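The values are calculated or read from the model by the stated rules, or taken from the named source; none is laboratory data. If you're wondering where the values come from, they're calculated on a predicted model, not measured in any experiment. Every residue, glycine as well, gets a Cβ built from its backbone with ideal geometry; the counts of neighbours run over all protein chains shown. Side chains included, ligands, DNA and RNA excluded: accessible areas come from the protein's heavy atoms. Shrake-Rupley method; radii C 1.70, N 1.55, O 1.52, S 1.80 Å.
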Amino acid sequence: MFISFEGIEGSGKSTQIELLESALKDLGHEVKKLREPGTTMLGERIRDIFLEETNETVDPITEAFLLYASRKHLDQNILRKSLENGCIVIADRYADATIAYQCFGKGLSIDFINYIHANSKLLTPDLTFYMDISAEKSKERISRREMDRMESEPQDFFERVRKGYLEIATKDPDRVVCLDANKSIEELKSQIIEKTLEKINATLG
Ligand code: TMP
């Protein structure tokens, strides 16, 4: 089973991914954690390039090709093999992030991304947790740390990205679980574990 986590910066994805990983391992599942862009050697190099601050203009098309190079490589080298070996794969972001950040955030065409995605023969997660917080709260949380190229975008960018995620969640309610990321870590953890176990049971039939 392929699970992804999505949300704008500071939404608490990493904490919940760790908690879900450990709960699933306790239940005897094999878990493979991924992050996007990244995970593979090539992907981690792309990640560095993607996130590095620069004075040059980086067009969303350039971003999309970097992201899809990393994504295809991850699919070919780790994702599919892990799924074939029966692992539960947990991805810290996947293709929804491109629709939210590059399309809603930066104006790239959704049809264009859907075309690249389909022609790259990539998978769609079975289950996605979208952790929703306001752009204001996100900015407040990340302002405490050193920011990368994407985190340095203005608040209205994150407002558009959030709107994108909410639209994705509304359009695909069977796959995307929209969580109020203002809730406590424990509350979110129980909701996430409950939904994941439901999905696992439904998949096993
Ligand atoms: P993160 O791993 O800390 O969330 O950082 C990844 C950054 O890359 C984050 O700002 C979101 C951005 N990103 C995109 O803009 N598009 C994408 O498709 C992905 C996967 C990430």
Practice item. Any chance you could check the Cα centroid distance between the stretch 17-74 and the stretch 80-122 for me, in angstrom? Key: 11
Exercise for review: Please sort by residue number the GluC sites (Glu not before Pro) in the stretch 51-104 whose DSSP state is loop and whose Cβ has at most 16 other Cβ atoms within 10 Å.
Suggested key: E52, E53, E56
Practice item. Would you tally the net charge around E44, using a Cβ to Cβ cut-off of less than 12 Å, leaving E44 out, and scoring K and R as +1, D and E as -1? Key: +1
Study note, to complete from the structure: Taking only the alpha carbons of the stretch 77-205, the radius of gyration and the largest Cα-Cα distance, Dmax, both in angstrom, are 16.1, 46
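Given Cβ point charges of +1 (Lys, Arg) and -1 (Asp, Glu) and nothing else, what value in debye, to the nearest 20, does the dipole of the stretch 1-125 about its Cα centre take? If you can, show how the numbers build up before the last one.
Values: 14 positive and 19 negative charges, 92 e Å.
So the magnitude is around 440 debye.
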Point to revise | Heavy-atom accessible area ranking, 1.4 Å probe, most first, across S14, S120 | key: S14, S120
Review point. Ignoring ligands and nucleic acids, what accessible area does I49 show with a 1.4 Å probe (Å², nearest 10)?
Key: 100
Exercise for review: Grab the Cα-Cα distance for K33 and I110, subtract it from 0.36 nm times how many residues apart they are, and report the gain in nm with one decimal.
Suggested key: 25.0 nm
Practice item. Evaluate the Debye formula for the stretch 5-130 with equal point scatterers sitting on the alpha carbons, no solvent, and hand back log10 of I(q)/I(0) at q = 0.13, 0.14, 0.16 Å⁻¹, in q order, two decimals. Key: -0.55, -0.63, -0.83
Practice item. Pop out the ³J(HN,Hα) list for the stretch 104-116 in order, Karplus 6.51 cos²θ - 1.76 cosθ + 1.60 with θ = phi - 60°, rounded to Hz; leave Gly and Pro as x. Key: 5, x, 10, x, 6, 6, 5, 4, 4, 5, 4, 5, 4
Check your understanding: Ignoring ligands, DNA and RNA, what percent of the accessible area of the chain is carbon or sulfur (1.4 Å)?
Key -> 50
Review point. Once all Cα-Cα distances of the stretch 5-72 are split into 10 Å bins that start at 0, what whole-number percent is in each one?
Key: 17, 38, 32, 10, 2
Exercise for review: Describe numerically, in nm with one decimal, the distance between label points set 7 Å from Cα along Cα→Cβ at S190 and at D26.
Suggested key: 1.4
